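The structure appears right after this line, and notes come after that.
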């Protein structure tokens, strides 16, 4: 029992017990407000798909109280399974030694090269880009939420290398352990060709028909319908119940739990697909894009909504 008022002590214990992994930090997971908090978030994002963050900047009494409760003078502070682990330096040391896996109850990553497919089109484009990469390695990363990243950068100690279709990929051991069965291809989009990395088991943006959305709205199913068009388009036509995206709504969504259903729409479905993919990468589990957008809604559901 700490030397804190009983109500404050009970509140902290409730926060610590709210999740298996709890990080008291400055800011929140999507927006750290100090470099030390950002470093711990970066490590946890690589290791665990979901954890709870508590923003001590929003509550001065909590910021002071957690230091007393933990007998630790700095923020951030990490708790796992109700036990205090430490601050930024401790977490970084555990990561460097590999002890972080035992701390979090995770198996140590494999050092075996994963089986990955690289299409001919992707291989050709990657070879072209490698010519301007000044000898840097091509890295494939896959985080705890199975979201991929592909970039050229310096070689890293401990990287696992896989050569496929004449392309050598460097993966950190965690990414390598998640990459079996992944594929890299090039797909055409509204902004030109882009790499597409598919990871087995990764959540996907669902394509939702307008009639299915209408049925969900009529049934009162809980969802957030987000309109990603411009304010000018919004003034022309809108779907009842939709919320126009702006900075305030974006911040609200990023702070939400990752469980609620999100449905994104635009005029025809292209811009909303990109928005849906962005929020999928933030860890939302139930993300849909309205196929055909508001134009399909006007044609198939509600003719009173103007077309443009």
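Data for the structure
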{"quantity": "Flag for residue 294 being modelled with pLDDT of 95 or more, assigned to a loop (DSSP other than H, G, I, E, B), crowded, with 21+ Cβ neighbours inside 10 Å and more than 20 Å from the chain's Cα centre (by Cα)", "calculated": "no"}
{"quantity": "Number of the condition not met by residue 134 [criteria: (1) modelled with pLDDT of 95 or more; (2) closer than 30 Å to residue 38 by Cα; (3) in the same structural domain as residue 157 (by TED's automatic domain parsing)]", "calculated": "(1)"}
{"quantity": "Inter-residue pairs, beta-carbon under 6 Å, first over 15 Å from residue 284 (Cα atoms) and assigned by TED's automatic domain parsing to the domain that holds residue 218 and in segment 242-255, second part of a helix (DSSP H, G or I) and at pLDDT 90 or above, 6+ apart", "calculated": "243/249; 244/234"}
{"quantity": "Residue 225 surrounded by 16 or more Cβ atoms within 10 Å (Cβ to Cβ), over 17 Å from residue 122 (Cβ atoms) and modelled with pLDDT of 95 or more", "calculated": "yes"}
{"quantity": "Some residue of segment 21-28 being surrounded by fewer than 17 Cβ atoms within 10 Å (Cβ to Cβ), in contact (Cβ under 8 Å) with a residue 12 or more places away in the chain and touching a strand residue (DSSP E or B) at 6+ places or on another chain (Cβ under 6 Å)", "calculated": "no"}
{"quantity": "Whichever residue in segment 1-46 is part of a loop (DSSP other than H, G, I, E, B) and within 23 Å of the chain's Cα centre (by Cα) and, among such residues, is modelled with the lowest pLDDT", "calculated": "30"}
{"quantity": "The one condition in (1) in contact (Cβ under 8 Å) with a residue 60 or more places away in the chain; (2) buried (at least 18 other Cβ atoms within 10 Å of the Cβ); (3) touching a helix residue (DSSP H, G or I) at 6+ places or on another chain (Cβ under 9 Å) that residue 193 fails to fulfil", "calculated": "(2)"}
{"quantity": "Of all residues in segment 268-282 being closer than 21 Å to residue 221 by Cβ and within 16 Å of the chain's Cα centre (by Cα), the one that is modelled with the lowest pLDDT", "calculated": "280"}
{"quantity": "Qualifying residues in segment 96-126 (those that are under 24 Å from the mean Cα position of the chain (by Cα) and assigned to a helix (DSSP H, G or I)) - the one surrounded by the most Cβ atoms within 10 Å (Cβ to Cβ)", "calculated": "100"}
{"quantity": "Any hit, segment 134-143, residues being assigned to a loop (DSSP other than H, G, I, E, B), out of contact with any helix residue (DSSP H, G or I) (no Cβ under 6 Å at 6 or more places or on another chain) and at positive phi", "calculated": "yes"}
{"quantity": "Contacts under 6 angstrom Cβ, first residue in segment 154-180 being in the same structural domain as residue 123 (by TED's automatic domain parsing) and on the phi > 0 side of the Ramachandran plot, partner crowded, with 19+ Cβ neighbours inside 10 Å and part of a strand (DSSP E or B), 6 or more apart", "calculated": "165/118"}
{"quantity": "Condition met for residue 62 (farther than 22 Å from residue 98 by Cα, assigned to a helix (DSSP H, G or I) and touching a strand residue (DSSP E or B) at 6+ places or on another chain (Cβ under 7 Å))", "calculated": "no"}
{"quantity": "Number of the exception - residue 168 against (1) touching a strand residue (DSSP E or B) at 6+ places or on another chain (Cβ under 8 Å); (2) closer than 30 Å to residue 306 by Cβ; (3) modelled with pLDDT of 95 or more", "calculated": "(2)"}
{"quantity": "Segment 160-180, subset crowded, with 20+ Cβ neighbours inside 10 Å and in contact with a helix residue (DSSP H, G or I) (Cβ under 6 Å, 6 or more places away or on another chain), residue nearest to residue 130 (Cα to Cα)", "calculated": "160"}
{"quantity": "Some residue of segment 47-56 being closer than 24 Å to residue 259 by Cβ, part of a loop (DSSP other than H, G, I, E, B) and modelled with pLDDT of 95 or more", "calculated": "no"}
{"quantity": "Residues within segment 256-267 that are more than 17 Å from residue 204 (Cβ to Cβ) and either in the same structural domain as residue 46 (by TED's automatic domain parsing) or modelled with pLDDT of 95 or more (or both), tallied", "calculated": "3"}
{"quantity": "Exclusive hit being over 30 Å from residue 113 (Cβ atoms) and surrounded by 15 or more Cβ atoms within 10 Å (Cβ to Cβ), set 273, 207", "calculated": "273"}
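The values are calculated or read from the model by the stated rules, or taken from the named source; none is laboratory data. Here the structure is a predicted model, which is why all the values come from computation and not from measurement. Glycine gets a Cβ as well: all are built from the backbone with ideal geometry, and neighbour counts include every protein chain shown.
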